[in-house]
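Reading through the structure tokens given below for one structure.
The values are calculated or read from the model by the stated rules, or taken from the named source; none is laboratory data. Since the model is a prediction, treat every value here as computed from it, not as a measurement. FYI the Cβ positions are ideal-geometry reconstructions off the backbone, even for glycines, and counts take in every protein chain you see. Surface accessibility is based on the protein's heavy atoms, side chains included, excluding ligands, DNA and RNA. Shrake-Rupley method; radii C 1.70, N 1.55, O 1.52, S 1.80 Å.
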Amino acid sequence: MATLRMRYVSSYAGETPESTRAADICALQQYDAKDMTKGKLRIALWVALPLAAGLALRLWYVAHASRIEGDTLIYGGIARNWLKFDVYGFSVGPNGPRPTLIRLPGYPMFLAACFRIFGFDRYHPIIYLQSAIDLFTCILLSALSGRLFGRRAALATLWLSALCPFTAIYAAAPLTETLTLFTIALTFYSLERWRATGAGYNRWLWMITAAMAYSVLLRPEQGLLPATVVPAMIWIAWHQSERTLSLSKLRPVFVAAICILLPLVPWTIRNYRTFHVFQPLAPRSATDPGEAIPKGFQHWYRTWAIDFADTEQVYWNYDSTDLRISDLPTRAFDSEDQYAETAAILSDYNQKDNATPAFDQRFEALAQQRIQASSLRYYIVLPVARLANMLFRPRPEMMQIGLDWWNWHEYRAKTLLAYASAALNLAYFILGGIGLWLWRRHGWTPDAALAAAMVGFVVLRCALLLTLDNSEPRYTLELFPLLFVWGSFLFRSASEEPADLRRKPAA
């Protein structure tokens with residue numbers, strides 16, 4: 001290389017013939033080509049390492065923590081009956097499958113396609129496929145961080161997402177979580193690309209549309225995704241039309257919004273024709289029309305429930321098995337008389353384990369006593385406590401850890417694992433929060449609309465979770481893709497330009 005530099009200097013002094021100069025330039029080009037090849041190999045290696053580690057983690061979960069039960073069997077039953085009998089239902093009676101609307105068709109569609117390929121009720125190939133999808137989600141999030149913050153941030157996001165046990169473990173269960181996380185990542189990545197390419201009719205517009213449309217078909221609360229992204233798209237279109245209300249610029253957004261709703265039309269028509277109800281999404285109560293909803297029990301449950309253990313031991317067991325008063329925390333009673341009244345109701349219920357209207361009225365009366373005693377507790381304190389529990393608990397629901405994970409004398413090693421899980425979970429939230437704050441402080445132009453959509457999605461989802469009866473940590477998994485991206489800001493290089501910083505709109 002030094003020789004080449006000397007020849008370059010002498011050539012500028014007029015000492016080297018033109019032919020020699022051309023030969024030196026060719027040598028330099030060959031040297032640069034080799035250097036670039038080595039750089040690409042180095043980058044490929046750095047990308048392959050977290051992906052390999054992430055794959056190993058998911059395969060370990062498949063081998064040791066896979067779960068095929070509960071909602072998985074409901075979704076699988078719907079997919080099977082849909083294929084065999086052309087009936088969207090999970091329970092089979094003497095007259096064949098009974099139609100249902102308690103689950104949206106997005107995940108049963110996915111399972112039905114897998115059953116066609118792998119065979120009926122073969123869930124393990126589906127689990128491996130979900131593991132691959134989850135890793136692709138990590139790649140999408142890494143690509144988004146790279147475009148926003150640069151190459152080092154992209155690599156940090158890849159490590160943070162690939163080795164996150166809370167999202168990885170759900171790839172080992174045939175549930176909606178893995179596909180939902182994928183649609184969230186694809187939506188925000190495509191939104192950034194759509195903004196960078198001029199916010200018009202292009203492949204990224206259709207990618208955003210498809211991702212959000214399928215996300216809504218997976219879970220009803222995913223309607224929050226278009227509720228935050230579509231306004232961001234309007235702002236982007238308005239901003240790129242020099243802040244004038246240009247119909248030609250806004251038309252792609254309106255088309256996308258219509259296309260997001262279109263898949264719900266046949267589902268809504270089907271529900272009206274089958275059940276004679278207007279139900280564009282799955283019902284909040286997860287019951288079919290005509291089924292009793294134990295609202296009194298639910299009101300009473302909301303007067304004391306906080307932890308996931310309350311959900312599994314009491315909420316899910318009502319109308320199916322015994323409820324033990326020993327499973328209720330002391331906050332479920334305001335006095336000894338109330339304790340005795342609660343014990344009497346549970347004792348009568350345990351005779352047949354059947355939720356009747358009479359029991360529901362007794363639970364409602366008890367709930368009203370407790371609400372009148374402290375409305376602040378019912379409407380503010382407990383909802384916030386349930387949300388905090390969903391956000392920051394150790395998340396052992398998919399691991400072989402007891403619900404009373406804090407019981408050191410019974411579990412010991414698993415208690416330590418639970419505390420480590422809680423610390424790691426908290427670290428992700430702190431990292432994401434600090435990254436978001438620093439991103440905002442350094443200025444997130446030209447991606448203000450994208451950032452606002454991300455923050456809006458988190459805020460709306462937390463607001464929705466405040467209204468739920470049952471505390472389930474998996475309901476906050478949808479926040480993690482954004483935590484990965486925000487947290488990567490801390491690892492960016494101050495001297496490195498992001499992959500497409502100050503991007504100019506392209507055709």
- Message: On the Cα set of the stretch 198-306, report Rg and Dmax in Å, please.
- Response: 18.8, 55
- Note on the structure: Kirkwood-based Rg/Rh on the Cα set of the stretch 141-222 evaluates to 1.02
- Stretch gain in nm, segment residue 379-residue 59, where the contour uses 0.36 nm per residue and the Cα spacing is subtracted: 110.9 nm
- Query: Got the relative contact order for the stretch 251-346 handy, in percent, Cα pairs under 8 Å and 6 or more residues apart?
  - Reply: 15
- Item | Cα centre as origin, Lys/Arg/Asp/Glu Cβ charges: the stretch 423-493 dipole, Debye | 280
- Note on the structure: Expressed as a percent, the accessible surface of the stretch 254-388 that is carbon or sulfur, using a 1.4 Å probe and the full set of protein chains, is 58
- Note on the structure: quick shape note, the stretch 178-255: Cα extents on principal axes in Å, largest first -> 39, 20, 15
- Item | the stretch 202-307: GluC sites (Glu not before Pro) in DSSP loop, at most 13 other beta carbons within 10 Å | 242, 291
- Message: Defining a contact as two alpha carbons under 8 Å apart and six or more residues distant in sequence, what relative contact order in percent does the chain show?
- Response: 19
- Task: Please list 121-131, 206-216 highest first by mean number of surrounding beta-carbon atoms within 10 Å per residue.
- Result: 206-216, 121-131
- Item | For peptides 479-485, 322-328, sequence by mean Cβ density within 10 Å, most packed first | 479-485, 322-328
- Query: Compactness ratio of the stretch 338-492: Cα Rg over 2.2 N^0.38 Å, N = residue count?
  - Reply: 1.39
- Task: Using only the alpha-carbon atoms of the stretch 426-492, report the extent along each of the three principal axes, biggest first, to the nearest angstrom.
- Result: 39, 25, 15
- Message: Using a 1.4 Å probe on the protein heavy atoms, what percent of the accessible area of the stretch 413-458 belongs to carbon and sulfur?
- Response: 74
- Task: Over the chain, give the accessible area per residue in Å² for a 1.4 Å probe, as an integer.
- Result: 48
- Arranged from highest to lowest average of other beta-carbon atoms within 10 Å per residue, in what order do the peptides 338-346, 297-305, 167-175 appear? 167-175, 297-305, 338-346
- Task: Note down the magnitude of the dipole of the chain about its Cα centre, charges +1 on Lys and Arg C-beta and -1 on Asp and Glu C-beta and zero elsewhere, to the nearest 20 debye.
- Result: 2000
- Query: Lys/Arg Cβ at +1, Asp/Glu Cβ at -1, dipole of the chain taken about the Cα centre: which of 490, 227, 105 is farthest positive-ward?
  - Reply: 490
- Query: Over the Cα atoms of the stretch 285-342, what Rg and Dmax result, in angstrom?
  - Reply: 12.4, 39
- Note on the structure: Semi-axes a, b, c in Å (a largest) for the chain, each sqrt of 5 times a Cα gyration tensor eigenvalue, come to 51, 27, 24
